[in-house]
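Taking it in order: structure first as structure tokens, then the write-up.
The values are calculated or read from the model by the stated rules, or taken from the named source; none is laboratory data. Note that the coordinates shown come from a computational prediction; the quantities given were computed from them, not determined experimentally. Every residue, glycine as well, gets a Cβ built from its backbone with ideal geometry; the counts of neighbours run over all protein chains shown.
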Amino acid sequence: MAHQVILFDGVCNLCNGFVQFVIARDPDACFQFGALQSAGARAVLGRHDAPDPIPDTILLVADGTVYTGSSAVLRIARRLTFPWPLAFAFVVVPRPVRDWVYRIVARHRYRWFGRRDHCMVPTAGIRARFLD
């Protein structure tokens, strides 16, 4: 299977924590990562039908499709180790409801979780999984 790419806000503590969470639960290294602020992320989005402007959200690029918000998070969870794929059951919740909750967290993420002055620098052990 081709790699799926998770694009995230590189200065957001919540987003960086989510990336670390995914890495720890993705033993097959299905996902690659890129900060939305990076040239690598812009290149990936340029090759796909990305929303414009880029939403203030986690994006998943998989099989030529760009997923945003709760849909991206649920599709990511589906690929992680057990029990996280069970979270995909929330896909039955109407997307407007899921995305409403997602947007509340996204809107307040800096206030609730803080932000960094610069994007995360991956360790040598996971560097190959990050876009340049």
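Side notes on the structure shown:
- Residue in region 54-76 that is among the hydroxyl-bearing types (Ser, Thr, Tyr), within 18 Å of residue 3 (Cα to Cα), modelled with pLDDT of 90 or more and in contact with a Leu (Cβ under 6 Å, 6 or more places away or on another chain) present: yes
- Identity of the residue in region 77-89, out of contact with any Leu (no Cβ under 8 Å at 6 or more places or on another chain) and among the aromatic types (Phe, Trp, Tyr), that ends up surrounded by the most Cβ atoms within 10 Å (Cβ to Cβ): 84
- Flag if residue 114 is on the phi > 0 side of the Ramachandran plot, surrounded by 11 or more Cβ atoms within 10 Å (Cβ to Cβ), within 17 Å of the chain's Cα centre (by Cα) and modelled with pLDDT under 95: no
- Residue list for region 35-61, restricted to those being hydrophobic (A, V, I, L, M, F, W, C) and exposed (fewer than 14 other Cβ atoms within 10 Å of the Cβ): 39, 43
- For region 1-34, the set of residues classified as modelled with pLDDT of 85 or more, surrounded by 17 or more Cβ atoms within 10 Å (Cβ to Cβ) and of a type in the set (Gly, Ala, Ser) consists of 34 only.
- Qualifying residue in region 81-103 (condition: of a type in the set (Ser, Thr, Tyr) and farther than 20 Å from residue 29 by Cβ): yes
- Residue match in region 120-128 (condition: modelled with pLDDT of 85 or more and either of a type in the set (Lys, Arg) or touching a helix residue (DSSP H, G or I) at 6+ places or on another chain (Cβ under 8 Å) (or both)): no
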